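Since the structure comes first, as structure tokens, the remarks are kept for the end.
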Amino acid sequence: MPQQPLSSYNSGAMTVSTDVTYRCQLNRTRAFTASAVLLLICLGATLLSGCGLQSGSDTIAFLQGKTLWAINPDGSSPRKLAQGNIVSVAWSPDHHQYIIRVAQRMTTPPPLSPLGVPDAPGDLYVGSVSGGTPIQITPNLAGLSRSDAWWNASGNRLLYRESFTGAGPAAATYIVAQADQPVGIARKPIPVNFGIPVLSPDGSQVATTDSAGDVQVGEPNAIGKIVATGAVLTLPGTNRPARLLWQPHHDALLYIASGADVSSSLELVSLSGAKRTLGQVSGLLDLAFSPDGSRLLLRTKQGFTIWSVAHPGQVVFSWDEADPAALPWWSPAGGRILVQDSVGWRLVDIAAQRVTTLITFPGAPLADISSVSGWHPAAGSPWNVTGDRFIFVAQSRAVWQGKALSASGNGTTGLYIADPSSGDAPHLIASGDDRAPTWSYLDPSTTFLVMA
């Protein structure tokens, strides 16, 4: 377990801990009612301490038991950021802030599972990599379950859903929130949505699908302008939601319509109204753009396929995948893909058209998705910002390219850093009940949906 002198204090639903070099002792009520004052006081305390604000660009966040940790890639400077029933964490795009979900009850999937945590009663908090008191951004309303939250590409807005406990995600309302506004002061419910909405990169607009399959674009709290019709709400032959994607670096939306037989038709519509069909896919389970918006990664019942957006339907590369819960992760430059499933990790080199098995978990069964009721975009990435290393959780009996990993200490799992191009074995940076590591951020339109 990482060890470092830390100070801590109680803060209602959670315990917030700070690095000894950043002692920002603030009153919780004042943080909730005057966020601007909170930020000024934290900034002043930081400057007085001589630390300066950290960029955090290479900092890793992970959960260990009920503690949120930050740590450097070489295992140095471990520090507690927060404590409580924390079930998820994700960095903001600039890596200066993080978002956590604190549940009333601690329920998490097995540490090696690609599944997420279902919507549950609890609250969302935004904190700083430099320390200080995380700000609760959800209102104190009883009887509501909430999902994880995810940032838009610019990092000025957050999107999450909430529903009456027991009603399920299908009856949820999606909420657009600001990271600097406590207890939901500036939150905006999306009035019309029957799928999973997507924020524009700058956060000023949201794209939604209504019950008739009309794709609308407008301000988060208003009825939007219809830019396309005929979108399906669930993928053919599945109970999975048919999502909208905002093409990175373009003013265009991808939506899914009915195709021939039980196939899906992928439609790309610009905000000016121009539309073109990218192709039809049978057995579609999920899809995501590459970080530069030039390619599409498709998941079908058979496996994964990469298409070129400029040449719709033209297969760039494809490979098989048996686990329906498998999660792919584009590298920041888009040249490689990590795939995490229940039995291990694989690396896809698109230019070389090669799939390499990196990690296997001997005897691991496929994820049980029979009780899955909700989906949300993966909010964090295991890649570092340069895409040459990644982080993962494993047990010591896991196998890295044919060889057993080094022991993970006294804990059930360990946190490992790997450079898949070097040929070197991964190195252990923390051990214990480790889970949910995240190193960098990906645009929600470039990530797959996590099942929970």
Subject >> Phi-based couplings in Hz for the stretch 174-190 (Karplus 6.51, -1.76, 1.60; Gly and Pro marked x) >> reply: 8, 10, 9, 10, 9, 5, 9, 10, x, 6, x, 4, 10, 6, 10, x, 7
Original post:
For V343, what accessible area in Å² do you get when you roll a 1.4 Å probe over the heavy atoms of the protein chains, rounding to the nearest 10?
Top reply: 50 Å²
**OP:** Give the span of the stretch 129-267's Cα atoms along each principal axis, as three whole-Å numbers ordered largest to smallest.
**Re:** 54, 37, 27
Subject >> Whole-Hz couplings from phi, Karplus 6.51/-1.76/1.60, listed for the stretch 421-428; x for Gly and Pro >> reply: 8, 7, x, 7, 6, x, 10, 7
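Counting only other residues whose beta carbon sits under 14 Å from that of I306, what net charge do I get with K and R as +1, D and E as -1? Don't jump to the answer; show the numbers that get you there.
Values: positive: R295, R299, R336, R354; negative: D286, D292, D320, E321, D349.
The answer is -1.
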Subject >> Under-5 Å amide H pairs with V450, H placed in peptide plane, nonlocal only >> reply: H376, A378
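So, counting K/R as plus one and D/E as minus one, what does the shell of residues with Cβ under 15 Å around T208 add up to?
Values: positive: R157, R161, K188, K225, R243; negative: D210, D214, E219.
Local charge sum for T208: +2.
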**OP:** Quantify, in whole percent, the carbon and sulfur part of the accessible surface of the chain (1.4 Å probe; protein heavy atoms only).
**Re:** 52 percent
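Before rounding to the nearest 500, sum -39500 (n - 2.57) across all DSSP H runs of length at least 4 in the chain and divide by the residue total; then give [θ] at 222 nm in deg cm²/dmol. Write down the numbers at each step before the final one.
Values: 2 runs with 21 residues, N = 452.
Theoretical 222 nm ellipticity from helices: -1500 deg cm²/dmol.
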Subject >> Karplus 3J(HN,Hα) series, Hz, for the stretch 260-276 with 6.51 cos²θ - 1.76 cosθ + 1.60 (x for Gly, Pro) >> reply: 5, 6, 10, 7, 10, 9, 8, 10, 10, 10, 7, 5, 7, x, 5, 9, 8
**OP:** Find out how many positive minus negative residues lie around P109, taking Lys and Arg as positive, Asp and Glu as negative, among other residues whose Cβ is under 15 Å from that of P109.
**Re:** -4
**OP:** For V176, list long-range residues whose amide hydrogen, built 1.01 Å from N in the peptide plane, is under 5 Å from its own amide hydrogen.
**Re:** K188, I190
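Based on the alpha-carbon gyration tensor of the chain, what equivalent-ellipsoid semi-axes (square roots of 5 times the eigenvalues) come out, in whole Å, largest first?
Working: eigenvalues 221, 160, 73 Å².
Whole-Å semi-axes of the equivalent ellipsoid: 33, 28, 19.
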Original post:
How much FRET efficiency would the formula 1/(1 + (r/R0)^6) give for L271 and V399, where r is the Cβ-Cβ distance and R0 is 41 Å, rounded to 0.05?
Top reply: 0.25
**OP:** Enter the accessible area of R240 (Å², nearest 10), with the probe set to 1.4 Å and all protein chains included.
**Re:** 30 Å²
Original post:
In nm, what is the difference between 0.36 nm times the number of residues separating T234 and K301 and their Cα-Cα distance?
Top reply: 22.6 nm
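Calculate, for V262 and V385, the FRET efficiency according to 1/(1 + (r/R0)^6) with r their C-beta to C-beta distance and R0 35 Å; round to the nearest 0.05.
Working: r = 40 Å, r/R0 = 1.15.
The formula returns an efficiency of 0.30 here.
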**OP:** Enumerate the amide H contacts of F317 below 5 Å, restricted to partners 5 or more residues apart or on another chain; note that Pro and chain-start residues carry no placed amide H.
**Re:** I306
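At 1.4 Å probe radius, can you tell me the per residue accessible area of the chain in Å²? Please report the intermediate quantities before stating the final value.
Values: 17390 Å² over 452 residues.
Averaged over the residues of the chain, the accessible area is 38 Å².
Residue separation times 0.36 nm, minus the C-alpha to C-alpha distance between L141 and Q353: what's the value?
On the way: separation 212, 0.36 × 212 = 76.32 nm, distance 5.07 nm.
Computed gain between L141 and Q353 is 71.2 nm.
The values are calculated or read from the model by the stated rules, or taken from the named source; none is laboratory data. Note that the coordinates shown come from a computational prediction; the quantities given were computed from them, not determined experimentally. Neighbour counts are summed over all protein chains in view; Cβ atoms, including those assigned to glycine, are modelled from backbone coordinates with ideal geometry. Areas reflect the complete protein model, heavy atoms only, side chains present, ligands, DNA and RNA absent. Shrake-Rupley method; radii C 1.70, N 1.55, O 1.52, S 1.80 Å.
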